[in-house]
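Engineer: First the structure, which I've put down as structure tokens, then a few questions once you've had a look.
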Amino acid sequence: MFSFVNKICVLSAFLIFIGCPQENEIEGCTDSSACNFDSGASVDDGSCLFELEDPIEITFIENEVSGLAGEEIVSKIYVRNASCDLIEDLVVRKIFDAPSNPGVTTYFCFNDICFPSSTIVSPNPKTLESFEEDDYFKAYLQTDIPGSYSVDYRFYRENDTSVSTQVSIIYNVN
């Protein structure tokens, strides 16, 4: 008859044996419709990435920011390539009615470059690998005039303008 200690040892050994992965199991994405499908994987590890309908995805946005008159107010936007394909021509367009807002300066930083307020479209396209995210975009507003100002930014493919995402940022100047 087994003693209590022997029973514990046998049970522990059994649990360790069944808990160990089989030698022929390969973890990865097993869904053939995913961008990162791994035909050699036999166990789905939950890493599958699926293309979105709109390949330009905004993953983070400070869509309303506040600051004091005379100070530079900044908003951040993170953009991601939510497709299975490389995007080599991502640009951004600033949409702001400057003539109706004299005394208000807006500018943005994109693709590691900060552009002057006169720049409407980024002249240097950004490249994003499949499912790569960029967290560098920053949008600035500065004015001595208190009020609320709206600036839109449209992220789009330079060679296919139908692929785009547009966001609005509200700047509250106190």
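Engineer: S66 versus (1) within 30 Å of I145 (Cβ to Cβ); (2) at pLDDT below 85; (3) polar (S, T, N, Q): which is the lone unmet condition?
Structural biologist: Of the numbered conditions (1) within 30 Å of I145 (Cβ to Cβ); (2) at pLDDT below 85; (3) polar (S, T, N, Q), the odd one out for S66 is (2).
Engineer: In this structure, does I145 turn out to be of a type in the set (V, I, T), modelled with pLDDT of 95 or more, exposed (fewer than 15 other Cβ atoms within 10 Å of the Cβ) and on the phi < 0 side of the Ramachandran plot?
Structural biologist: yes
Engineer: Assigned by TED's automatic domain parsing to the domain that holds T119, charged (D, E, K, R) and within 30 Å of S168 (Cβ to Cβ): does that describe E51?
Structural biologist: No: the conditions fail for E51.
Engineer: Right, here's the next one. So which residues in the range 73-92 are small (G, A, S) and part of a strand (DSSP E or B), if there are any at all?
Structural biologist: S75
Engineer: With the structure loaded, tell me whether V151 is under 30 Å from N36 (Cα atoms), at pLDDT 95 or above, in contact with a strand residue (DSSP E or B) (Cβ under 6 Å, 6 or more places away or on another chain) and not small (G, A, S) or whether it fails that test.
Structural biologist: Against the criterion (under 30 Å from N36 (Cα atoms), at pLDDT 95 or above, in contact with a strand residue (DSSP E or B) (Cβ under 6 Å, 6 or more places away or on another chain) and not small (G, A, S)), V151 does not qualify.
Engineer: I would also like to ask the following. Would you please name the residue that is surrounded by the fewest Cβ atoms within 10 Å (Cβ to Cβ), looking only at residues in the range 122-142 that are aromatic (F, W, Y) and over 25 Å from N36 (Cα atoms)?
Structural biologist: So, considering only residues that are aromatic (F, W, Y) and over 25 Å from N36 (Cα atoms), the one surrounded by the fewest Cβ atoms within 10 Å (Cβ to Cβ) is Y136.
Engineer: Right, here's the next one. Could you list, in sequence order, the residues of the range 114-152 that are over 17 Å from V91 (Cβ atoms) and over 20 Å from the mean Cα position of the chain (by Cα)?
Structural biologist: Residues satisfying the conditions are S117, L141, Q142, T143, D144, I145, P146, G147, S148, Y149, S150.
Engineer: Which pairs turn up if I take residues in the range 37-64 that are under 20 Å from R80 (Cα atoms) and look for partners that are hydrophobic (A, V, I, L, M, F, W, C) and surrounded by fewer than 14 Cβ atoms within 10 Å (Cβ to Cβ) with beta carbon separation below 6 Å, at least 6 apart in sequence or on another chain?
Structural biologist: Here the result reads none, with nothing in the range 37-64 linked to a residue that is hydrophobic (A, V, I, L, M, F, W, C) and surrounded by fewer than 14 Cβ atoms within 10 Å (Cβ to Cβ).
Engineer: Assuming G70 fulfils every condition listed in (1) outside any strand (DSSP E or B); (2) under 30 Å from S162 (Cα atoms); (3) in the same structural domain as D144 (by TED's automatic domain parsing) apart from one, which condition is it?
Structural biologist: Failed condition: (2).
The values are calculated or read from the model by the stated rules, or taken from the named source; none is laboratory data. Nothing here was measured: the structure is a model prediction, and the numbers come from that model. No Cβ is skipped: glycine too gets one built from the backbone with ideal geometry, and neighbour counts run over all protein chains shown.
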